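Below is one structure, written out as structure tokens, with a few remarks after it.
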Amino acid sequence: MINNVLKLVRYNIKKLRPYQSARRIGGGNGLIWLNANESPLSIPFKLKKKSFNRYPECQPIDLISSYAKYVNLSFEQVLATRGADEGIELLIKAFCEPEKDAIIYCPPTYDMYQVNANMANVKIKEIPTIKNTWELDLLSIQSNLKTVKLVYICNPNNPTGNIILKKDLLFLLKITLGRALVVIDEAYIEFSPEDSMVSFLKDYSHLVILRTLSKAFGLAGIRCGFTLANKVIIEILNKVITPYPISIPVMDIAVQSLQKNYITLMKDRVSELNLNRIWLINQLNELDCIDKVFESHANYILVKFFMFEKIFQMLWNKGIILRNQNNKMNLKECIRISIGTRSECFSLIQELKNFSKNNIF
Ligand code: PMP
């Protein structure tokens, strides 16, 4: 019977390697969670809405107008989604013909561009960034644009932490004009707000920006993101979105988080985490077990270790859960560390200091 069911599964889904999220991988008896780029701090909210017998609006007006105000765009340029992840999926659904069209992405980067293309049976073209500087290989992107409908760029890039130069993004927008959409994933942009491309939406009708409340806003648990683009693209995406993507409790909390006092709180916490990042980088650079700490503009850092496997396991056993990046393109012996509270960062450094003392590199 089970064999019969398996025979029914689409071929590309049978072959699919699902996204290895931090929750899917788990974390043993974790005490300090630095593996999912979440905020280490929770903000208390009270639910204002008390009745749930009615369906929510598909695109709740309060939510859309609050986010539009936050990013200084008009109402028609904003789509609310179940996390930025749903935005990635909707774009592929709406713009790519299965088995015919392709997307471009630039590894090492966020895996969900690839996973969503594979799920939809859309072709992928990987154009790796330049090793260690992580800059885009623009000439290679330019010569590979045939059949490409979407170019996904993550900025700041996850897991490397670098920013893509604005001049490179503008060049990319020029070479893709009339051919493909450029989708800039700004999930972490609040940690480096001056690098946002939102102000260019008025100049480029093929620019799309993905945002989320999961990172700087500290709301990964509610699953709320946004796609920003011109009105025509938002209307197209509204055709393929599920009927009620944003539940009433999600909308309630998300709207509160976008009010002035919460935005101030979010910005204070971003400043605190950015200071923790600087502190952590300085401390790591003093340790013998570190080969290289990459510069970062987000709430995580990429670190290349000597004896990486032993160190990853030692920390795991002590309940400090990090994200192994060793199997990703050009990231041999690298680990990604999300920025936690100062005391979490301190505990990590203490363990690494002890390890460095007892080992020769
Ligand atoms: N883009 C990037 C670069 C991410 O790292 C993540 C989350 N890990 C997402 C998008 C998805 O965010 P959300 O929680 O809003 O779905």
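The values are calculated or read from the model by the stated rules, or taken from the named source; none is laboratory data. Owing to the predicted nature of the structure, the values given are computational and were not obtained by experimental measurement. Glycine gets a Cβ as well: all are built from the backbone with ideal geometry, and neighbour counts include every protein chain shown.
Quick one: in the range 85-95, of everything that is surrounded by 19 or more Cβ atoms within 10 Å (Cβ to Cβ) and of a type in the set (A, V, I, L, M), which residue is nearest to residue 121 (Cα to Cα)? Going through the qualifying residues, I end up with 92. Scan the range 7-25 residue by residue and report those that are exposed (fewer than 12 other Cβ atoms within 10 Å of the Cβ), farther than 30 Å from residue 263 by Cβ and within 16 Å of the ligand (Cβ to nearest atom). Result: 18, 24.
Any residue that is surrounded by fewer than 19 Cβ atoms within 10 Å (Cβ to Cβ), within 16 Å of residue 241 (Cβ to Cβ) and more than 20 Å from the chain's Cα centre (by Cα) - is there at least one of those in the range 76-84? Checked against the condition, which is being surrounded by fewer than 19 Cβ atoms within 10 Å (Cβ to Cβ), within 16 Å of residue 241 (Cβ to Cβ) and more than 20 Å from the chain's Cα centre (by Cα), the range 76-84 yields at least one hit. Looking only at the range 50-75, residues that are loosely packed, with under 15 Cβ neighbours inside 10 Å and either within 17 Å of residue 245 (Cα to Cα) or charged (D, E, K, R) (or both) come to 8 in all. For the range 333-351, filtering for residues that are among the basic types (Lys, Arg) and in contact with an Asp or Glu (Cβ under 9 Å, 6 or more places away or on another chain) leaves 1. Exactly one condition in (1) hydrophobic (A, V, I, L, M, F, W, C); (2) more than 20 Å from residue 131 (Cα to Cα); (3) buried (at least 22 other Cβ atoms within 10 Å of the Cβ) is false for residue 316; which is it? The failed condition is (3).
Matching residues to (1) away from the ligand (no atom under 13 Å from the Cβ); (2) within 30 Å of residue 333 (Cβ to Cβ); (3) not assigned by TED's automatic domain parsing to the domain that holds residue 331:
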position: 146; (1), (2), (3): yes, no, yes
position: 162; (1), (2), (3): no, yes, yes
position: 168; (1), (2), (3): yes, yes, yes
position: 181; (1), (2), (3): yes, no, yes
position: 185; (1), (2), (3): no, yes, yes
position: 188; (1), (2), (3): no, yes, yes
position: 194; (1), (2), (3): yes, no, yes
position: 219; (1), (2), (3): no, no, yes
position: 235; (1), (2), (3): yes, no, yes
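Could you say whether any residue in the range 263-277 is modelled with pLDDT of 95 or more and touching a strand residue (DSSP E or B) at 6+ places or on another chain (Cβ under 6 Å)? Among the residues of the range 263-277, not one is modelled with pLDDT of 95 or more and touching a strand residue (DSSP E or B) at 6+ places or on another chain (Cβ under 6 Å), which makes the answer no. Against the numbered list (1) closer than 30 Å to residue 48 by Cβ; (2) outside any loop (DSSP other than H, G, I, E, B), residue 246 comes up short only at (2).
Would you be able to tell me the number of residues in the range 199-217 that are more than 16 Å from the ligand (Cβ to nearest atom), farther than 20 Å from residue 149 by Cα and not polar (S, T, N, Q)? Of the residues in the range 199-217, 1 are more than 16 Å from the ligand (Cβ to nearest atom), farther than 20 Å from residue 149 by Cα and not polar (S, T, N, Q). Tell me which residues, restricted to the range 176-194, are surrounded by 18 or more Cβ atoms within 10 Å (Cβ to Cβ) and of a type outside the set (Ser, Thr, Tyr). Scanning the range 176-194 gives 180, 181, 182, 183, 184, 185, 186, 187, 189, 190, 191.
Per the conditions (1) part of a loop (DSSP other than H, G, I, E, B); (2) free of Cβ contacts under 8 Å to residues at least 24 places away in the same chain; (3) among the β-branched types (Val, Ile, Thr), the sole criterion not satisfied by residue 43 is (2).
If you scan the range 39-49, which residues turn out to be surrounded by fewer than 17 Cβ atoms within 10 Å (Cβ to Cβ) and over 18 Å from residue 225 (Cβ atoms)? Passing the criteria: 41, 42, 44, 46, 47, 48, 49. Figure legend. Inter-residue proximity from the range 213-231: first residues part of a loop (DSSP other than H, G, I, E, B), second residues aromatic (Phe, Trp, Tyr) and more than 10 Å from the ligand (Cβ to nearest atom), beta-carbon distance below 7 Å, spacing 6+ or different chains. Indicated pairs: 216/191.
Per-residue answers, yes or no, for (1) among the acidic types (Asp, Glu); (2) closer than 23 Å to residue 12 by Cβ; (3) outside any helix (DSSP H, G or I):
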site: 97; (1), (2), (3): yes, yes, yes
site: 116; (1), (2), (3): no, yes, no
site: 125; (1), (2), (3): no, yes, yes
site: 133; (1), (2), (3): no, no, yes
site: 145; (1), (2), (3): no, no, yes
site: 163; (1), (2), (3): no, no, yes
site: 175; (1), (2), (3): no, no, no
site: 178; (1), (2), (3): no, no, yes
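For the range 55-103, filtered to residues that are in contact (Cβ under 8 Å) with a residue 60 or more places away in the chain and on the phi > 0 side of the Ramachandran plot, the residue that is farthest from the ligand (Cβ to nearest atom) is 72.
When the residues of the range 254-311 are filtered to those that are among the hydroxyl-bearing types (Ser, Thr, Tyr) and closer than 17 Å to residue 192 by Cβ, which remaining residue is surrounded by the fewest Cβ atoms within 10 Å (Cβ to Cβ)? So, considering only residues that are among the hydroxyl-bearing types (Ser, Thr, Tyr) and closer than 17 Å to residue 192 by Cβ, the one surrounded by the fewest Cβ atoms within 10 Å (Cβ to Cβ) is 271.
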